[in-house]
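Some notes on the structure that comes next.
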Amino acid sequence: MRPLILITNDDGIDSPGLLAAAEAVCGLGDLLIAAPHRQQTSMARAFPRTEDLGIIDTAVLTVCGRPTKAYAVHGSPAYAVAHAVLEIADRKPDLCVSGINYGENLGAVVTCSGTLGAAFEACSHGIPAVASSLQVPMRLQRSSRYSRADWSAASGITQKAARFVLTRGMPKGADVLNINVPDRPRDAQGYRVTRQSGQNYFHFIRPGQRDFSKRFELQSRLQVDLDALEPDSDIYAVYVRKITSITPIACDMTADGVVSRLRALAGNG
């Protein structure tokens, strides 16, 4: 039986990046496409309750020249994955591919990412995941007016990572391979295996005076501290070296080196 690959994202069912991901891996197995019905960037692994929650619309996407059924889930990226696994799929997916995202997910920002949130939800069901993102200007990262993008480099590395996981399994200790592809990479096929940077990458801008009773959305800017930036990090690879970063991530966020010290301090070591 061919592997079942769940394709999802946080940019919505109409995103060209979702189609690029599907076409990248269509030759590796059977596809199940389930994504939020609209733009859901920065939802992380949230489970918000909305009036239309759980409605699932169907659509037909042309993937690799073939009409392919897709499911538009009214809910967050994590909800889209949960519904796909629990009630849409006829068997447990062998792999989840989340992306290809409009905008890079680097450093500490990964905890905000809906792309990674969908991947983490897949992991909670015992499904390994590949999260794939393409660097684009910030003004395009929350838009439902999907701009044109060159998906070729991101598609190629996504396919390579998906094939690796399907044939060799996820490396021990990892649950997600977080891929970030720079805009106009110096080497379209090259990549570095990196650590997740401790830097935020995107930072909120302090608001000026405003009326607290009025709706307000914090704005962000890209800010990298080059002096403190780790040379083996994801941010360094993409932002400085302009080369694709692949970061293995574990869902277990325990700071293992601290556990014994804290137990000793608490008197239960």
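The values are calculated or read from the model by the stated rules, or taken from the named source; none is laboratory data. None of these values were measured; they are calculated from a predicted model. With ideal geometry, Cβ positions are generated from the backbone for all residues, glycine too; neighbour counts draw on all protein chains shown.
Within region 113-145, the residues that satisfy the criterion of being surrounded by fewer than 17 Cβ atoms within 10 Å (Cβ to Cβ) and hydroxyl-bearing (Ser, Thr, Tyr) are Ser124, Ser143, Ser144. Within the bounds of region 206-213, is there any residue that is among the hydrophobic types (A, V, I, L, M, F, W, C) and either surrounded by 10 or more Cβ atoms within 10 Å (Cβ to Cβ) or closer than 27 Å to Ala161 by Cα (or both)? Scanning region 206-213 turns up no residue that is among the hydrophobic types (A, V, I, L, M, F, W, C) and either surrounded by 10 or more Cβ atoms within 10 Å (Cβ to Cβ) or closer than 27 Å to Ala161 by Cα (or both). Looking at this structure, is Phe204 of a type outside the set (D, E, K, R), without any contact (Cβ under 8 Å) to a residue 40 or more places away in the chain and over 30 Å from Arg2 (Cβ atoms)? Criteria met by Phe204. The condition of being modelled with pLDDT of 95 or more and at positive phi holds for only one of Gly17, Gly12, Gly99, Gly54, that being Gly12. Ala20 meets the stated requirement of being surrounded by 18 or more Cβ atoms within 10 Å (Cβ to Cβ) and part of a helix (DSSP H, G or I). Filtering region 33-53 for residues that are out of contact with any Ser or Thr (no Cβ under 7 Å at 6 or more places or on another chain) and part of a strand (DSSP E or B) leaves an empty set.
Taking only pairs six or more apart or across chains, which ones have beta-carbon atoms under 9 Å, a first residue in region 244-261 that is closer than 30 Å to Ala153 by Cα and assigned to a strand (DSSP E or B), and a second residue that is among the aliphatic types (A, V, I, L, M) and at pLDDT below 95? Filtered contacts from region 244-261: Thr244/Ala188; Thr247/Val110; Ile249/Val110.
Between Val238, Val176, the distinction of being within 24 Å of Trp151 (Cβ to Cβ) and in contact with a Cys (Cβ under 9 Å, 6 or more places away or on another chain) belongs to Val176 only. Has region 182-195 got any residue that is closer than 30 Å to Leu4 by Cα, free of Cβ contacts under 8 Å to residues at least 40 places away in the same chain and of a type in the set (D, E, K, R)? No, region 182-195 has no match at all.
Of all the criteria given as (1) in a loop (DSSP other than H, G, I, E, B); (2) modelled with pLDDT of 95 or more, the one not satisfied by Asn178 is (1). Go through Asp234, Asp183 for me and flag whichever is surrounded by 10 or more Cβ atoms within 10 Å (Cβ to Cβ), acidic (Asp, Glu), under 21 Å from Gly114 (Cβ atoms) and out of contact with any helix residue (DSSP H, G or I) (no Cβ under 7 Å at 6 or more places or on another chain). After ruling out the rest, the residue left standing is Asp183. Scanning region 198-232 for residues that are in contact with a Phe, Trp or Tyr (Cβ under 9 Å, 6 or more places away or on another chain) and within 24 Å of Ala149 (Cβ to Cβ) turns up Tyr201, Gln219, Ser220, Arg221, Leu222, Gln223, Val224.
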